[in-house]
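This report concerns only the one structure given below.
What follows draws every value from the coordinates through simple rules; no lab data is involved. Remember, predicted model here, so these are calculated numbers, not experimental data. Please note: Cβ atoms are built from the backbone with ideal geometry, for glycine as well, and neighbour counts cover all protein chains shown.
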Amino acid sequence: MCLAQCILKTKKNVDVYYTLHIGFSIMRPSPLRHTLAILRTTIGLTQKDLAGLVDRAPRTIQSIELGHLPLSEELALRIAHETGVDESWLLQGDTGVPPRRGAALQAIHHAHRPYNREDYEWQRSYNEAPTAPQSELADVVKQGTKAGEKSLRLTLPQAKAVVHAACPVMLESSDEKLLAAMAHFLKVTYRNPDALLVRWKLRRLLETLAEERSIALPSRELGADSALAVPRIPRARKKSKTT
């Protein structure tokens, strides 16, 4: 039985798959209406290529691009790790925004430009490279930049060591922004009619995340030692009658 597959690209960069069997069956086109499709065409991969990269079936990639299947957070993180794209860009789903570069690329290459094929190739090489010891990285930093150069020239293993060292700092900066956003949100919704409901939803989200990671959260009960407990107002003493 003859089986042939050809990929045709239209003027709109739409991937159309034709599979020829005993009959003639056509897989539906995958228009660029999903960030995953934009990423895939940016780096020049077929749906089969991307599926193999993240251990998924090609049909799964196609269903996500067509909007029949949601892109899970777990799969977005895996795709981001393998390609170097920013996972938040993938999950936001805004096709009007160009692909953004992920954490490793931003830590090493500070150029403010959209993600492209070169970034993908760098990330693939980066993932396959070993991590240089911190002592080697310290020696490179100690030697400093060469004459006429503005930044250090690092090998991929050394770059990997830099990213690992910078990860806690990057997370701390991200946490500060998250806490600031949370504080602003709570302040704005303080007098809303559903203020208690909003806070219950936030608490439930934290509890769900904590349960998944076996983390114990402080009790939600407002005890006497709680910072949120309502302070007791002492009663005014009655004046004693004088005779």
> Which residues' amide hydrogens lie under 5 Å from the amide hydrogen of Arg101, considering only partners 5 or more residues apart or on another chain, with H built in the peptide plane?
Replying inline: Asp86, Tyr115
> With r defined as the distance between the Cβ atoms of Cys167 and Glu74 and R0 fixed at 22 Å, what FRET efficiency is calculated, to the nearest 0.05?
Replying inline: 0.65
> For Leu209 and Ala180 in one chain, what is 0.36 nm times their gap in residues minus the Cα-Cα distance, to one decimal in nm?
Replying inline: 8.5 nm
> Rounded to the nearest 0.05, what FRET efficiency do Val97 and Asp55 have when you use their Cβ-Cβ distance and R0 = 30 Å?
Replying inline: 0.65
> Val141 to His109: FRET efficiency via 1/(1 + (r/R0)^6), r the Cβ-Cβ distance, R0 22 Å, to the nearest 0.05?
Replying inline: 0.80
> What nm value, rounded to one decimal, do you get for the distance between Arg191 and Lys150 when each label is placed 7 Å out toward the C-beta?
Replying inline: 4.9 nm
>> Just to check I understand the Karplus step: with θ = phi - 60° and J = 6.51 cos²θ - 1.76 cosθ + 1.60, what whole-Hz values come out for the range 172-178, glycine and proline as x?
In response: 5, 5, 5, 5, 4, 5, 5
